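The values are calculated or read from the model by the stated rules, or taken from the named source; none is laboratory data. Remember, it's a predicted structure, so these values are computed and weren't measured experimentally. A quick note on method: Cβ atoms are made from the backbone with ideal geometry, for glycine too, and the neighbour counts reach across all protein chains shown.
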Amino acid sequence: MTRLRVTLGVVALLVAICEIFALGAIGARIGGSERAVGGFPNPIGGLGRVFDAAPFEAALALAGALLALALVLVSLKAAANAPEKEKVEKPSEPAPETAAIRLLGVLQAEGRLVDFLQEDISGYDDAQVAGAARAIHEGLRRALAERAKLAPVVQAQEGEEITVERGFDPAAIRVTGNVTGEPPYRGVLRHPGWRSEGIRLPRALPGSDPNVIAPAEVEIL
């Protein structure tokens, strides 16, 4: 919009200049103006006689010049007062380390994952560990379902024979066993793998420490 107004102002200014020279041309036509250096008509010298000899043409040219000058002033004023568009800043993506900490915080909040992994379970029997693992599993499964959209890398069942084609991505498919020669390989799918199709992490509070996985809990007595 600002560029359009400036362009309109420049066009109007050129029209004004042309109108002023038109006045000089009218004066030259009736013999009342002198020519300036370079052969261009003098727009000032014969203005008085122009109005005397050709009042309608002179008034029309002058009106056009005043209108053009008015357009210049309005356009320049509008361009000066036009507010600049504010840059819309997109929320920045968290750094990989920060995103991993947030995800770990979600798993801690929902399933006490960090507590479980940091606990020394060597003194507990299998039944006690299994009982605790069931509750942790339920919380972690719920958190994963709410925050992450997952899909298998290979659309096949475990134990099914598949072909690994030439040009496969080693980050997506890991071949094991008797690997010789060049692909394609024929083998048995032992694990379909997982890929992320989207993860929704909670936003960090402004000014909060991004390295905190879970806050300390203090009960006030």
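Just one residue in the set 139, 131 is of a type outside the set (A, V, I, L, M), surrounded by 10 or more Cβ atoms within 10 Å (Cβ to Cβ) and either closer than 20 Å to residue 215 by Cα or in contact with a helix residue (DSSP H, G or I) (Cβ under 6 Å, 6 or more places away or on another chain) (or both); that residue is 139.
Taken across the stretch 97-114, residues that are within 28 Å of residue 213 (Cα to Cα), surrounded by fewer than 14 Cβ atoms within 10 Å (Cβ to Cβ) and free of Cβ contacts under 8 Å to residues at least 12 places away in the same chain do occur, with at least one present. In this structure, does residue 175 turn out to be under 43 Å from the mean Cα position of the chain (by Cα), assigned to a loop (DSSP other than H, G, I, E, B), exposed (fewer than 11 other Cβ atoms within 10 Å of the Cβ) and at pLDDT 95 or above? Spelling it out, it is not the case that residue 175 is under 43 Å from the mean Cα position of the chain (by Cα), assigned to a loop (DSSP other than H, G, I, E, B), exposed (fewer than 11 other Cβ atoms within 10 Å of the Cβ) and at pLDDT 95 or above. Being loosely packed, with under 12 Cβ neighbours inside 10 Å and under 30 Å from residue 201 (Cα atoms): is that true of residue 165 here? Judged against the criteria, residue 165 is not a match.
For the stretch 103-139, residues that are part of a loop (DSSP other than H, G, I, E, B) and under 21 Å from residue 201 (Cβ atoms) total 1. Counting only residues that are surrounded by 11 or more Cβ atoms within 10 Å (Cβ to Cβ) and in a loop (DSSP other than H, G, I, E, B), the stretch 180-189 holds 3 of them.
Part of a strand (DSSP E or B) and either surrounded by 12 or more Cβ atoms within 10 Å (Cβ to Cβ) or among the aliphatic types (A, V, I, L, M) (or both), is that true of residue 150?
Values: part of a strand (DSSP E or B): yes; either surrounded by 12 or more Cβ atoms within 10 Å (Cβ to Cβ) or among the aliphatic types (A, V, I, L, M) (or both): yes.
Yes; evaluated as a whole, the condition is true for this residue.
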